[in-house]
1. Hull surface divided by four, with the convex hull built on the Cα atoms of the range 273-321: how many nm²?
2. Exposure proxy check: 381, 291, 141, 263 ranked by fewest other beta carbons within 10 Å?
3. How big is the gap, in Å, between the Cα center of the range 65-113 and the Cα center of the range 278-299?
4. How long are the semi-axes of the ellipsoid equivalent to the range 130-228, from square roots of 5 times the Cα gyration tensor eigenvalues, in whole Å, largest first?
5. Using Cα-only point scatterers and the Debye equation, what is log10 of I(q)/I(0) for the chain at each q in 0.14 Å⁻¹, rounded to two decimals?
6. Using 0.36 nm times the number of residues separating residue 296 and residue 59, minus their current alpha carbon distance, what extension gain do you get?
7. Please state the equivalent ellipsoid semi-axes for the range 58-205: what are the square roots of 5 times the Cα gyration tensor eigenvalues, largest first, in whole Å?
8. What ranking do 38-49, 273-284, 90-101 get when scored by the average of other Cβ atoms within 10 Å per residue, highest first?
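Bear in mind that the values in this text are calculations on the coordinates, not laboratory data. Note that this is a predicted model, so its numbers are computed, not measured. Quick reminder, even Gly has a Cβ in these numbers, built from the backbone with ideal geometry, and neighbours come from all protein chains shown.
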């Protein structure tokens, strides 16, 4: 008798991105298997077929992917050599190691994007503070590997400001990339999905607000963005996805400069915080399209369902007491159209523990509703009005 089950997809990494892949996987009838970093982690709470292990251990990766058709990722930190080994064993790694290395290593990314003629900030690999001085202050210093959410990033205005960056890089065995401090008007994000067969879909370009390197809110689409610049951003994202052979979601984080240009800041090859709005604001969410892409299924429409969608992250406040669940009665009663997504994480100051989406025809109304709800869950409504 032929099994009616679809091929099994392995996910490496048990954070909230893997958790949010579970819901569209249920609708698609797609079995998931998870490698989680910890028991009771965000994704392990909702994906039954899971094990706890170290993604840096090759034997563990072979064990968790045995019998799976495809493997994909909640983060970009799996060693590149391990991904090549999985590929040689016959499993489809999506995105593949040749693509993923550009999201893992900022030096590799900058070199390749420069070859492609993609507009980027001025940059150089540096080994000493003196080389940073020769590059020019002020400079943004980044570890080439391992940084995220503002970690592994420093702004250097002098030789003395370089010390922490180089000591951190030396301890981690990575390099330092120096970039110009861009004079930008705002940050944008262009999200695309791409399948192995080459089909691609581009979401509306969004505006993101970062605080201390952490995404605080997203507006979709980016307000008052010149249509020509929006098209240019989407074209850049699609070009990068094709040239690098990306499979799945590619997020291209961008600077819109004060003189009207766009520059590529970072790449992520997985569902991304700037795409969370799509869960409730797009015909097909980034999570469903990531699943469709890595399984080589036809992609869904990325078009918005409403004129505006605002996503605001819920970050842990100064207090670690209380339950996020207790925020539901007020938030839901005040705004029946609000969509709340909690990650099943323990409260910790500054930690992403959920997000809210508000959509509608009036941007100011969407902003107020989403900001109020996120502030209510954080417990810091001191300056908010009801």
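1. With the hull built on Cα positions only, its mean projection is 4.8 nm².
2. Working: 381 14, 291 28, 141 24, 263 18.
Ascending number of Cβ neighbours within 10 Å: 381, 263, 141, 291.
3. Taking the Cα centre of each part, the range 65-113 and the range 278-299 sit 20 Å apart.
4. Details: eigenvalues 197, 64, 32 Å².
They are 31, 18, 13 Å, listed from largest to smallest.
5. Debye curve over Cα of the chain, log10 I(q)/I(0) at q = 0.14 Å⁻¹: -1.33.
6. That works out to 82.6 nm of additional length.
7. Computed over the range 58-205, the values are 32, 20, 12 Å.
8. Values: 38-49: 16.8, 273-284: 24.8, 90-101: 20.7.
Top of the packing list down: 273-284, 90-101, 38-49.
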